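Taking it in order: structure first as structure tokens, then the write-up.
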Amino acid sequence: MKIVIAPDSFKGSLTAIEAAQAIERGVKKALPSGETVIVPVADGGEGTMESLVKATNGHKVEWTVKGPMQNPVQAAYGVLGDSETCVIEMAMASGICLVNSENLNPMKATTFGTGQLIKKALDDGFRKFILAIGGSATNDGGIGMLQALGMRLLDSDGLSVRYGGAKLARIASIDTCDFDGRIANSEFIIASDVQNPLIGENGATYIFGPQKGATPEMVKVLDKNLSHWADLVEKQIGIHLHDRPGAGAAGGIGGAFQAFFPSKTNRGVDIVITYSKLVEQLENANIVITGEGQIDFQTASGKTPMGVAEAAMKKGIPVFALTGSIGQGIDILYEHGITSVHSIINTPMSLQEAITRAEELLERTAEQVMRTYIASFISK
């Protein structure tokens with residue numbers, strides 16, 4: 001019996017690789033003779049670079065950059081096995097995972113470090129990029145990233161503005177004279193499943209700002225600031241970002257890529273599935289086990305379990321999803337290939353305990369799911 005194990009990370013507790021290994025141990029307890037294939041997957045957020053590097057036998061290049069709150073952080077970019085494609089994961093340089101919850105402040109948070117990683121990769125000779133832009137702590141419209149790559153954003157006195165979403169309101173003009181010319185001769189694939197526009201009630205700030213520390217008052221200011229920035233972009237280069245789908249991804253950096261980079265956007269999970277050769281690994285598989293930290297109606301919008309299930313459904317393979325928390329609206333998932341959803345929480349416990357015990361709980365649940373499947377398989 002062949003079992004394909006293709007989870008995302010369980011944020012705050014396990015990487016996708018660690019989660020897959022825990023699931024594999026549970027499967028082996030139930031079926032020692034089973035053939036297991038591990039394919040760690042991600043959807044454009046944290047873990048995307050790691051998944052792609054592992055899937056292609058690539059490597060990482062470390063570099064110190066300016067973190068979201070302007071403190072130095074150790075980041076890295078990935079090089080795929082073809083030695084030509086560079087993967088930059090925004091979360092490593094500008095991620096919410098780099099900031100303590102009490103220090104989150106999208107008025108100040110900057111994407112400068114993401115720009116530094118891109119510049120480092122350009123300096124190292126790369127011209128083909130995959131940019132995974134999930135998990136950001138920022139709401140600056142991508143201006144920090146643009147500044148790191150040489151763009152000058154000037155106030156009414158002709159002075160360069162500083163960093164963060166609060167500074168967007170001060171920008172009076174955009175000077176692209178020193179913007180890195182190598183960008184125009186490069187290829188950028190943006191890994192993101194976010195279709196939100198830049199501004200408005202469904203935009204970057206109103207939808208994602210609160211989870212990055214924005215108060216209701218900040219949300220109004222930041223949305224107004226992004227609108228000001230979008231007006232400037234349209235006036236100067238003729239691109240209307242305000243309601244463009246995907247422009248609101250990662251605090252508006254999606255719009256910056258659309259306006260100033262030769263880029264196209266694909267679902268992050270589709271990119272990872274392609275490079276990991278998941279479809280090929282599904283050949284002759286009997287069962288697929290996937291999972292992530294929380295599964296709810298949003299999973300259907302392109303999260304890892306949904307992408308895995310869609311691939312498996314085309315081959316008629318049942319898919320069991322393991323998760324820490326089951327939210328509302330999961331019924332829609334059954335229409336897209338997920339057979340059943342199982343919480344790994346087996347007794348009342350705090351969130352911290354669940355995070356601490358995630359590996360053990362995931363292994364145990366995988367074992368029970370596998371035992372149930374074996375019993376149903378034998379009874380047929």
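The values are calculated or read from the model by the stated rules, or taken from the named source; none is laboratory data. Remember, predicted model here, so these are calculated numbers, not experimental data. Methodologically, a virtual Cβ is constructed for each residue, glycine included, from the backbone with ideal geometry; neighbour enumeration extends over all protein chains shown.
Numbers at a glance
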quantity	calculated
Among residues of the range 94-126, those that are in a loop (DSSP other than H, G, I, E, B) and buried (at least 24 other Cβ atoms within 10 Å of the Cβ), counted	4
Options V219, V233; residue that is assigned by TED's automatic domain parsing to the domain that holds I96 and either touching a residue at least 24 places away in the same chain (Cβ under 8 Å) or assigned to a loop (DSSP other than H, G, I, E, B) (or both)	V233
Output for the range 237-265, where each listed residue is in a loop (DSSP other than H, G, I, E, B) and closer than 18 Å to K128 by Cβ	F261, P262
Scope the range 175-199; condition among the hydroxyl-bearing types (S, T, Y) and surrounded by fewer than 18 Cβ atoms within 10 Å (Cβ to Cβ); matching residues	T176
Tally, over the range 60-88, of residues that are without any contact (Cβ under 8 Å) to a residue 24 or more places away in the chain, in a strand (DSSP E or B) and among the polar types (S, T, N, Q)	2
Qualifying residue in the range 126-133 (condition: over 22 Å from D193 (Cα atoms), out of contact with any Ser or Thr (no Cβ under 9 Å at 6 or more places or on another chain) and modelled with pLDDT of 95 or more)	no
First in the range 288-310 and farther than 11 Å from I326 by Cα and in contact (Cβ under 8 Å) with a residue 60 or more places away in the chain, second anywhere and of a type in the set (S, T, Y) and part of a helix (DSSP H, G or I), Cβ under 7 Å, 6 or more apart	T290/T304; P305/T299
Set F188, F179: member being touching a residue at least 40 places away in the same chain (Cβ under 8 Å) and in a strand (DSSP E or B)	F188
Scope the range 60-113; condition in contact with a helix residue (DSSP H, G or I) (Cβ under 9 Å, 6 or more places away or on another chain), charged (D, E, K, R) and more than 18 Å from F188 (Cβ to Cβ); matching residues	K60, K66, K108
Complete set of residues in the range 1-41 that are in a helix (DSSP H, G or I), among the hydrophobic types (A, V, I, L, M, F, W, C) and closer than 23 Å to I130 by Cβ	A16, I17, A19, A20
V53 vs. criteria surrounded by 19 or more Cβ atoms within 10 Å (Cβ to Cβ), of a type outside the set (S, T, Y), in the same structural domain as C97 (by TED's automatic domain parsing) and in contact (Cβ under 8 Å) with a residue 12 or more places away in the chain	yes
Given (1) of a type outside the set (V, I, T); (2) surrounded by 20 or more Cβ atoms within 10 Å (Cβ to Cβ); (3) modelled with pLDDT of 95 or more; (4) not in a loop (DSSP other than H, G, I, E, B), number of the condition A91 does not satisfy	(3)
Residue within the range 226-238 that is among the hydroxyl-bearing types (S, T, Y) and crowded, with 21+ Cβ neighbours inside 10 Å present	no
Any chance A247 is within 22 Å of the chain's Cα centre (by Cα), buried (at least 16 other Cβ atoms within 10 Å of the Cβ) and in contact (Cβ under 8 Å) with a residue 60 or more places away in the chain	no
Residues (free of Cβ contacts under 8 Å to residues at least 40 places away in the same chain and at negative phi) located in the range 119-135	D123
Count of the range 84-139 residues which are of a type in the set (A, V, I, L, M) and over 24 Å from V41 (Cα atoms)	5
Number of the exception - G44 against (1) in contact with an Asp or Glu (Cβ under 8 Å, 6 or more places away or on another chain); (2) in a strand (DSSP E or B)	(2)
